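Presented below is the structure to which this report refers.
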Amino acid sequence: MNLHRCRIVFAVGSLCVMLTSSRAEVTGPTAYGKTADGTAVEQYVLKNKNGMVAKLITFGATVTELEVPDKKGKTADVVLGFDTVAGYQSEDNQYFGCTTGRVCNRIAKGKFTLDGKEYKLAVNNGENHLHGGAKRSLDRVVWKAEPLKDKNAVRFTYSSPDGEEGYPGKLDVSVTYTLTDKNELRIEYAATTDKATPVNLTNHSYFNLSGHGSDTILDHELTIPADKYTPTDEGLIPTGKIADVAGTPIDFNKPTKIGARIEKLVKTPTLGYDHNFVLGKHDLTTPIATVRDPKSGRVLTVYTDQPAVQLYTGNFLKGQKGKGGKVYKHQSALCLETQHYPDSVNHPEFPSIILKPGQTYKHVCVYAFSAE
Ligand code: GAL
């Protein structure tokens with residue numbers, strides 16, 4: 001090719017890139033709807049230069065949509081959710097995309113003792129407490145939000161009064177979602193308190209890398225480089241043991257299809273995968289989980305600074321209708337919830353989740369997407 005033709009090809013190529021790629025931007029707030037008690041809920045939209053889009057609402061500081069390109073550059077919305085606030089407030093909402101807390105996961109019998117005082121929490125899961133309570137848990141309240149345009153981020157804040165859902169202390173929480181041009185949704189949490197109190201926050205996004213409403217995630221291939229987990233009893237409360245994954249269906253040290261061994265778990269109390277993995281030595285540059293979808297080629301890689309991750313394979317999904325009328329059948333999505341161990345408040349041998357006045361709770365979770 002002579003130099004002149006080469007220049008023309010280059011110019012046309014650059015024009016195509018300019019036409020197909022977009023700029024990173026934050027839009028919002030825009031009105032999303034109202035809660036049953038009439039509180040306005042707002043939406044923010046983050047876009048990056050690769051066409052990835054994250055939609056977020058102030059109800060529960062929730063991720064409602066995540067448009068991710070596949071290996072051909074075609075995007076699909078890979079998270080479960082609803083189209084309306086009423087959907088998010090309905091019985092069909094099993095914590096889709098929300099910020100979960102003050103303490104995510106379970107607390108045995110909804111009780112704990114701190115500095116000699118017993119605290120009683122809502123019992124909303126059999127005889128136990130789940131995901132921060134029944135009425136004013138962090139997923140059910142409307143947060144304040146501000147766009148951080150120069151960072152392509154939105155910061156949500158909520159001040160939970162002393163005693164809310166039975167937890168001690170006024171807790172000031174922030175969750176910042178950033179969409180990077182490396183196709184990462186970065187979630188950064190911070191919290192401070194005026195009394196010692198337990199804190200264990202997570203994001204509860206349900207992923208199906210073929211797109212929400214697709215078939216089950218049993219063909220997704222999962223890797224979790226972890227040698228240990230916290231076995232649980234019939235109520236999914238940790239027994240206190242830290243057990244080896246080796247020789248069990250919970251060993252994902254080698255890439256394995258989620259469906260390969262799940263049958264061995266369906267008759268156990270977890271009904272499938274619902275296990276908390278103890279993460280070995282890691283930092284924010286070491287993947288703690290990788291999920292590959294053979295159909296779309298999409299890959300989700302998870303990074304965190306937390307000591308554990310809960311793998312949940314949508315065993316309680318019941319065929320409810322979500323966004324665009326799509327049906328969310330049993331095991332049609334998975335959650336990888338970065339967090340501390342469940343019921344840590346009742347297990348002094350587990351890493352502590354007690355936040356004291358003067359300290360700041362911090363947690364980073366990165367959901368990074370690629371395609372191959
Ligand atoms: C998960 C939990 C499951 C179930 C689900 C919500 O985080 O591990 O047991 O409670 O939330 O339906």
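The values are calculated or read from the model by the stated rules, or taken from the named source; none is laboratory data. Everything numeric in this text was worked out from a predicted model, so none of it was measured. FYI the Cβ positions are ideal-geometry reconstructions off the backbone, even for glycines, and counts take in every protein chain you see. Side chains are part of the model used for accessible areas, which takes the heavy atoms of the whole protein and leaves out ligands, DNA and RNA. Shrake-Rupley method; radii C 1.70, N 1.55, O 1.52, S 1.80 Å.
Here are a few things to note about the model shown:
- When restricted to residues that are open to solvent by less than 70 Å² (accessible area, probe 1.4 Å) and either more than 15 Å from the ligand (Cβ to nearest atom) or part of a strand (DSSP E or B) (or both), the stretch 263-286 contains 10.
- Tally, over the stretch 57-101, of residues that are assigned to a loop (DSSP other than H, G, I, E, B) and either among the β-branched types (Val, Ile, Thr) or within 14 Å of the ligand (Cβ to nearest atom) (or both): 15
- Reported count of residues in the stretch 26-38, each being under 14 Å from residue 145 (Cα atoms) and open to solvent by 30 Å² or more (accessible area, probe 1.4 Å), is 5.
- Conditions (1) within 16 Å of the ligand (Cβ to nearest atom); (2) closer than 16 Å to residue 209 by Cβ; (3) among the acidic types (Asp, Glu): number failed by residue 293: (1)
- Some residue of the stretch 132-142 being more than 16 Å from the ligand (Cβ to nearest atom), hydrophobic (A, V, I, L, M, F, W, C) and open to solvent by less than 10 Å² (accessible area, probe 1.4 Å): yes
- Filter result for the condition that a residue is in contact (Cβ under 8 Å) with a residue 12 or more places away in the chain and in contact with a His (Cβ under 7 Å, 6 or more places away or on another chain), over 126, 166, 110, 87: 110
- Restricting attention to the stretch 180-211, the residues being within 16 Å of the ligand (Cβ to nearest atom) and either among the polar types (S, T, N, Q) or in a loop (DSSP other than H, G, I, E, B) (or both) number 8.
- Of all positions in the stretch 148-157, at least one carries a residue that is of a type outside the set (A, V, I, L, M), buried (at least 21 other Cβ atoms within 10 Å of the Cβ) and in contact (Cβ under 8 Å) with a residue 60 or more places away in the chain.
- Annotation: of all residues in the stretch 159-198 being open to solvent by 10 Å² or more (accessible area, probe 1.4 Å) and of a type in the set (A, V, I, L, M, F, W, C), the one that is farthest from the chain's Cα centre (by Cα) is 196.
- When residue 337 is tested against (1) surrounded by 19 or more Cβ atoms within 10 Å (Cβ to Cβ); (2) assigned to a loop (DSSP other than H, G, I, E, B), only condition (2) is not met.
- Residue within the stretch 225-242 that is open to solvent by less than 10 Å² (accessible area, probe 1.4 Å), within 16 Å of the ligand (Cβ to nearest atom) and under 18 Å from the mean Cα position of the chain (by Cα) present: no
- Test: residue in the stretch 322-333 that is modelled with pLDDT of 95 or more, in contact with a Pro (Cβ under 6 Å, 6 or more places away or on another chain), open to solvent by 10 Å² or more (accessible area, probe 1.4 Å) and in a loop (DSSP other than H, G, I, E, B): no
- Any chance residue 88 is on the phi > 0 side of the Ramachandran plot and at pLDDT 95 or above: no
- Matching residues in the stretch 245-267 - criterion: being within 17 Å of residue 225 (Cα to Cα) and in contact (Cβ under 8 Å) with a residue 60 or more places away in the chain: 258
- Residue tally, condition within 16 Å of the ligand (Cβ to nearest atom) and either at pLDDT below 95 or of a type outside the set (A, V, I, L, M) (or both), over the stretch 296-321: 11
- Leading residue by the ranking (most open to solvent (accessible area, probe 1.4 Å)) among those in the stretch 103-122 that are more than 15 Å from the ligand (Cβ to nearest atom) and part of a loop (DSSP other than H, G, I, E, B): 115
- Members of the stretch 243-257 found to be open to solvent by 60 Å² or more (accessible area, probe 1.4 Å), in a strand (DSSP E or B) and under 17 Å from residue 290 (Cβ atoms), listed by number: 257
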